[in-house]
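K.L.:
Here you go, one structure.
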Amino acid sequence: MKKVVIASNNSGKLKEFTHLFEPLEIQVFPQSVFNVAEVEEPFQTFVENALVKARHASKQTGLPALADDSGICVDVLNGRPGVYSARYAGEPKSDQRNNQLLIENLRTKQDRRAHYYCIIVLVRYADDPQPIITDGSWHGRIILEPKGTGGFGYDPYFYLPDLGKTAAELSIEDKNLISHRGKALMRLTRYISEEALGGFGKDSE
């Protein structure tokens, strides 16, 4: 089985990545398994932040590395929290405080349209000159009271009018079919399958 390191220690993301890579016989490991520390994300765009994370994880482990940068973008807030979604309320990172701040900033707003955005970067080695990049978006709106216990991040407040549910009320299977990360990952796995990516990954011992 091939293996790839995920440049994240987020258990929710790891669960989603694992679920989608299993059919390709690719085993994923969080970077914490290799004692890889998180790298700074100093850029203003999702793609730049994802690329620096993937290159860092690959350099530290010698393995192919996958990184995503994702966030929620609210129309009336000019796209914020955006790339700062995980640290919207400052350090240390806290989903609860991030959600509280978002709701405070939207409580008096009538327009609460928002979308999740995800970009995924896969590098086969640290200095890969042709990183594989895919992305996906997921549109909905923010509600003021949370619903559901699944997912993570802003999911309990991210409402999907067509389904009448929040992202936190979906099963992981349903979420992976329609979410921003699910779309980006499916595009990535399709690319891996179609291109056969010669030499991708290393066999587990």
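Any read-out appearing in this document is the output of simple, stated calculations on the displayed coordinates, not a laboratory observation. Keep in mind that what you see is a predicted model, and the values were worked out from it rather than measured. Cβ: placed from backbone, ideal geometry, glycine included. Neighbour counts: every protein chain shown.
K.L.:
Scan 39, 5 and give me the residue that is closer than 29 Å to residue 174 by Cα, more than 13 Å from the chain's Cα centre (by Cα) and not charged (D, E, K, R).
P.N.:
Working: 39 fails: closer than 29 Å to residue 174 by Cα.
Matching residue, one of 39, 5: 5.
K.L.:
If I go through the stretch 16-36 residue by residue, how many of them are of a type in the set (D, E, K, R) and either surrounded by 18 or more Cβ atoms within 10 Å (Cβ to Cβ) or closer than 19 Å to residue 170 by Cβ (or both)?
P.N.:
Quick first cut of the stretch 16-36, residues of a type in the set (D, E, K, R) only: 16, 22, 25.
Cutting the leftovers down to either surrounded by 18 or more Cβ atoms within 10 Å (Cβ to Cβ) or closer than 19 Å to residue 170 by Cβ (or both) gives us 16.
The number of residues fulfilling the criteria is 1.
Every residue, every condition in (1) part of a strand (DSSP E or B); (2) in contact with a helix residue (DSSP H, G or I) (Cβ under 7 Å, 6 or more places away or on another chain); (3) under 30 Å from residue 108 (Cβ atoms), yes or no:
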residue	(1), (2), (3)
4	yes, no, no
28	yes, yes, no
43	no, yes, no
47	no, no, no
59	no, no, no
71	yes, yes, yes
76	no, no, yes
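K.L.:
Which members of the stretch 109-148 meet the condition of being assigned to a loop (DSSP other than H, G, I, E, B) and in contact (Cβ under 8 Å) with a residue 24 or more places away in the chain? Step through it out loud before you land on a result.
P.N.:
So the first thing to find is which residues in the stretch 109-148 are assigned to a loop (DSSP other than H, G, I, E, B), and the list is 109-112, 124-131, 143-148.
Scanning the stretch 109-148 gives 109, 111, 112, 124, 125, 126, 127, 128, 131, 143, 144, 146.
K.L.:
Also, I was wondering about something else. With respect to residue 182, is the statement that it is among the small types (Gly, Ala, Ser), within 16 Å of residue 120 (Cα to Cα), touching a residue at least 12 places away in the same chain (Cβ under 8 Å) and touching a strand residue (DSSP E or B) at 6+ places or on another chain (Cβ under 8 Å) true?
P.N.:
Details: among the small types (Gly, Ala, Ser): yes; within 16 Å of residue 120 (Cα to Cα): yes; touching a residue at least 12 places away in the same chain (Cβ under 8 Å): yes; touching a strand residue (DSSP E or B) at 6+ places or on another chain (Cβ under 8 Å): yes.
In short, yes.
K.L.:
Based on this model, can you work out whether residue 13 counts as surrounded by 15 or more Cβ atoms within 10 Å (Cβ to Cβ) and closer than 15 Å to residue 124 by Cα? Spell out the reasoning first.
P.N.:
Numbers: surrounded by 15 or more Cβ atoms within 10 Å (Cβ to Cβ): yes; closer than 15 Å to residue 124 by Cα: no.
So residue 13 fails the test.
K.L.:
Same structure, new question: Taking the residues in the stretch 16-47 that are acidic (Asp, Glu) and out of contact with any strand residue (DSSP E or B) (no Cβ under 8 Å at 6 or more places or on another chain) as candidates, determine which candidate is nearest to residue 125 (Cα to Cα).
P.N.:
38
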